[in-house]
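Just below is one structure, and these are the notes that go with it.
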Protein chains: 2
Amino acid sequence: MLFRQLFDEESSTYTYLIADRSLKQALLVDPVLEQVERDHQLLDELELTLKYCLETHIHADHITGTGKLRAMTGCLGIVPENAPVNCADGFLKHREILQLGDVIIEAIATPGHTDSHAAYLVNQKAVLTGDALFIRGCGRTDFQSGDPGTLYDSVTQQLFTLPDETLVYPGHDYKGNSVSSIGEEKQYNPRFVGRDRLQFITFMNNLNLPDPKKMSEAVPANQKCGNI
Amino acid sequence: MLFRQLFDEESSTYTYLIADRSLKQALLVDPVLEQVERDHQLLDELELTLKYCLETHIHADHITGTGKLRAMTGCLGIVPENAPVNCADGFLKHREILQLGDVIIEAIATPGHTDSHAAYLVNQKAVLTGDALFIRGCGRTDFQSGDPGTLYDSVTQQLFTLPDETLVYPGHDYKGNSVSSIGEEKQYNPRFVGRDRLQFITFMNNLNLPDPKKMSEAVPANQKCGNI
């Protein structure tokens, strides 16, 4: 398996390129519109055919690269079940599996940041946590269809129940971290350690964060698969 | 072995944390002064004792975190042979090995960006290339003790002769890439592909880059191991 973590500095978004080397087929998770040329060139150089673009959720801070990549490569755009997108080629339910040769991706419904959100477990060794769980943090829950109680349940019941050694690859990082583990986050994530569900809800409801810069542009564009 | 890639956004510098998990001992390669608190906290959380801070070279674009980390942890500061630093605890010669339990680091002299520079081969699987080789790029050669012909020889004779599957972890990246391989760089690095030594020298001598923002501050500070 080939696994590459790619970063968009403007939105601090991680995109993941995952491929079966022998099959020469790849998928991208959470591609960013402004990085499509970079990602497409990398696929070319690695002689990989892009089969799927997966979204963890409908983003509010960047426009997905899926629409453009679909037009360039003919890949399929896949989103979590119930995502408010009518242009997707497929929807993944909780625990549904997408296989690409030796790459096995299992969707784990993890709503709360938005009401449709999936984490993707890769070969049972690493989990792409999108905006549900960050390294020592978590996604915000105060706009779109966010709900802090739902996020608390997703993280504690769906992610923190994975084996401790499962690697955590987040959808964003703002401090230069690239990877963590479930064990580490259970022990050290300050959003969850020492807070019960009610305390977490109160904390998240009082963050008073400004709206993401691109929100008014990104959400409608992403509901159209990034076709702006 | 534990391996963590950490990023400093201001200088686009990658720092590497490498540790023997059972021994609970770690080393850092190219720590950044402004990220010392982050790195120290991570070492604490992972219950790792910092034994060494290694520099690939004397940096001109950021101040090393080694001095501060040495004061905080008692670790040893290690630099490549002939680095113009009189405060280092140790110097690594070409092909010299530093071992930390199951972590075996082999220094590969790769001058050219500066006249003392080492890449570090980790367990013969990954190479930390510092500012000698970037993903689809290379370090500049137009200040301090840089020399383009020497860099060409280092990259083509010392790095491109490693097995193709060796992972390349650079000292910087400016486009959101995190890792590559020797095979990929031999095939696609635009600085080297299709250029012989003389063409490379001419190309590098005509880049006309501005000085790094922190150069006048960083070089003298790094010659004092970051003790500013």
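The values are calculated or read from the model by the stated rules, or taken from the named source; none is laboratory data. Remember, it's a predicted structure, so these values are computed and weren't measured experimentally. Quick reminder, even Gly has a Cβ in these numbers, built from the backbone with ideal geometry, and neighbours come from all protein chains shown.
Quick look at the numbers
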{"item": "Selected residue (only one of A:44, A:39, A:102 is at pLDDT 95 or above, closer than 22 Å to residue A:131 by Cβ and over 16 Å from the mean Cα position of the chain (by Cα))", "result": "A:39"}
{"item": "Number of positions in the range B:8-54 that are crowded, with 18+ Cβ neighbours inside 10 Å, assigned to a strand (DSSP E or B) and touching a helix residue (DSSP H, G or I) at 6+ places or on another chain (Cβ under 9 Å)", "result": "12"}
{"item": "Residue in the range A:63-73 that is within 14 Å of another protein chain (Cβ to nearest Cβ) and modelled with pLDDT under 95 present", "result": "no"}
{"item": "Criterion violated by residue B:2 - all others in (1) among the aliphatic types (A, V, I, L, M); (2) more than 9 Å from chain A (Cβ to nearest Cβ); (3) buried (at least 21 other Cβ atoms within 10 Å of the Cβ) satisfied", "result": "(3)"}
{"item": "Residue B:28 being farther than 24 Å from residue B:115 by Cβ and touching a residue at least 12 places away in the same chain (Cβ under 8 Å)", "result": "no"}
{"item": "Residues of the range B:90-111 classified as of a type in the set (S, T, N, Q) and not in a loop (DSSP other than H, G, I, E, B), total", "result": "1"}
{"item": "The range A:180-210, residues that are more than 18 Å from residue A:112 (Cβ to Cβ) and over 19 Å from the mean Cα position of the chain (by Cα)", "result": "A:183, A:184, A:187, A:188, A:194, A:208, A:210"}
{"item": "Residues satisfying the stated conditions in the range A:147-173, i.e. of a type in the set (S, T, N, Q) and over 19 Å from residue A:113 (Cβ atoms)", "result": "A:166"}
{"item": "Checklist (1) free of Cβ contacts under 8 Å to residues at least 12 places away in the same chain; (2) within 19 Å of residue A:114 (Cβ to Cβ) applied to residue A:176, failing item", "result": "(2)"}
{"item": "Residues of the range A:87-102 satisfying the condition of being in contact (Cβ under 8 Å) with a residue 60 or more places away in the chain and out of contact with any Asp or Glu (no Cβ under 6 Å at 6 or more places or on another chain)", "result": "A:87, A:88, A:98"}
{"item": "Residue check, residue B:202 of a type outside the set (A, V, I, L, M, F, W, C) and within 30 Å of residue B:90 (Cβ to Cβ)", "result": "no"}
{"item": "Meets criteria (free of Cβ contacts under 8 Å to residues at least 24 places away in the same chain, within 14 Å of chain A (Cβ to nearest Cβ) and not basic (Lys, Arg)) for residue B:157", "result": "no"}
{"item": "In the range A:113-134, residue nearest to residue A:173 (Cα to Cα) [restricted to those that are buried (at least 24 other Cβ atoms within 10 Å of the Cβ) and either more than 12 Å from the chain's Cα centre (by Cα) or hydroxyl-bearing (Ser, Thr, Tyr) (or both)]", "result": "A:129"}
{"item": "Enumeration of residues in the range A:139-154 that are without any contact (Cβ under 8 Å) to a residue 60 or more places away in the chain and out of contact with any Asp or Glu (no Cβ under 6 Å at 6 or more places or on another chain)", "result": "A:146, A:147, A:148, A:149, A:150, A:151, A:152, A:153, A:154"}
{"item": "Test for residue B:150: is it surrounded by fewer than 18 Cβ atoms within 10 Å (Cβ to Cβ) and either farther than 30 Å from residue A:16 by Cβ or away from every other protein chain (no Cβ under 14 Å) (or both)", "result": "no"}
{"item": "From B:181, B:145, residue being within 14 Å of chain A (Cβ to nearest Cβ) and of a type in the set (Ser, Thr, Tyr)", "result": "B:181"}
{"item": "Residue in the range B:59-82 that is touching a Ser or Thr at 6+ places or on another chain (Cβ under 6 Å), surrounded by fewer than 17 Cβ atoms within 10 Å (Cβ to Cβ) and either in contact (Cβ under 8 Å) with a residue 12 or more places away in the chain or closer than 30 Å to residue A:12 by Cα (or both) present", "result": "yes"}
{"item": "Test: residue in the range A:110-119 that is touching a strand residue (DSSP E or B) at 6+ places or on another chain (Cβ under 9 Å), touching a residue at least 24 places away in the same chain (Cβ under 8 Å) and under 26 Å from residue B:5 (Cα atoms)", "result": "yes"}
{"item": "Output for the range B:89-111, where each listed residue is of a type in the set (Gly, Ala, Ser) and either over 24 Å from residue B:224 (Cβ atoms) or loosely packed, with under 14 Cβ neighbours inside 10 Å (or both)", "result": "B:90, B:101"}
{"item": "Looking only at the range A:5-49, and only at residues there that are among the β-branched types (Val, Ile, Thr) and within 19 Å of residue A:226 (Cβ to Cβ), the one that is farthest from the other protein chains (Cβ to nearest Cβ)", "result": "A:29"}
{"item": "Some residue of the range A:160-174 being surrounded by fewer than 21 Cβ atoms within 10 Å (Cβ to Cβ), in contact with a helix residue (DSSP H, G or I) (Cβ under 6 Å, 6 or more places away or on another chain) and within 14 Å of chain B (Cβ to nearest Cβ)", "result": "yes"}
{"item": "Count - residues of the range B:192-228 that are among the charged types (D, E, K, R) and either free of Cβ contacts under 8 Å to residues at least 12 places away in the same chain or farther than 24 Å from residue B:83 by Cβ (or both)", "result": "3"}
